[in-house]
Amino acid sequence: MKLFLPLLFAALLGACASAPAPENRAYLTQGTSLLLPPPERAQPLYRQQLLSAHSKGGEHQLLTVLEADGRQLTLVGLTPSGIRLFRVSYDDKGIHTERLSSLLGGAALPPVAQVLADVMMSYWPIAAWQPRLPEGWHLADEGMVRRLTDPDGKLVSEIHYRLLAGEREPVRLIQHAFDYQLQMEKLAP
């Protein structure tokens, strides 16, 4: 049984343990990158989620705990049976990762900033992203869907939301540029 999502979970382990990433840069498409917004939030955020990913590599599940306290963002990943796999934090000093289990192999992996970009694009306000988007790119909320389009109007990614206890919660992220989907199920308040 595979314990991690090929693109998402492997990305979390791409950096050396506790080493900051050289830049807080993520890719929107293969050839287009941007600097991530700062990890600060006006309101704290805490989520426990079951992530189900669908990609060419199949379907995989992972439990995650996301915490943003206003100064830093922390993401912890666990196997479905509760074994802690990794911890990623992003603060004013950069991105830091810890690999906490040898259950995951050591393949050449995409940067952890890609995963943070997905998380932040789902939860951070559009105003935090607008000044960082390359010229001609557009991020907009259209009802319960957030869409990112390139300068040609091509859909790059979309995040679907639902109202849960009066709050807008992401439930599905479709990453068209990198060909994967994430289903997000909130587990605890």
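Tabulated data for the structure shown
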item	result
Residue count for segment 50-65, restricted to those that are part of a loop (DSSP other than H, G, I, E, B) and under 23 Å from residue 167 (Cβ atoms)	0
Tally, over segment 109-146, of residues that are closer than 22 Å to residue 184 by Cα and surrounded by fewer than 16 Cβ atoms within 10 Å (Cβ to Cβ)	8
Spans of strands (runs of 3 or more DSSP E) in segment 97-189 with at least 1 residues hydroxyl-bearing (Ser, Thr, Tyr) and at pLDDT below 95	180-188
Among residues of segment 80-95, those that are in contact (Cβ under 8 Å) with a residue 60 or more places away in the chain and in a strand (DSSP E or B), counted	6
Search result, residues across segment 24-49 that are in contact (Cβ under 8 Å) with a residue 24 or more places away in the chain, assigned to a loop (DSSP other than H, G, I, E, B) and within 19 Å of residue 178 (Cβ to Cβ)	24, 30, 36
Subset of segment 119-156 [touching a helix residue (DSSP H, G or I) at 6+ places or on another chain (Cβ under 7 Å) and of a type in the set (Asp, Glu)]	141
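The values are calculated or read from the model by the stated rules, or taken from the named source; none is laboratory data. It should be emphasised that the depicted structure is a prediction, and the values quoted were computed from it without experimental measurement. Positions of Cβ are backbone-derived with ideal geometry, glycine not excepted, and every protein chain shown enters the neighbour counts.
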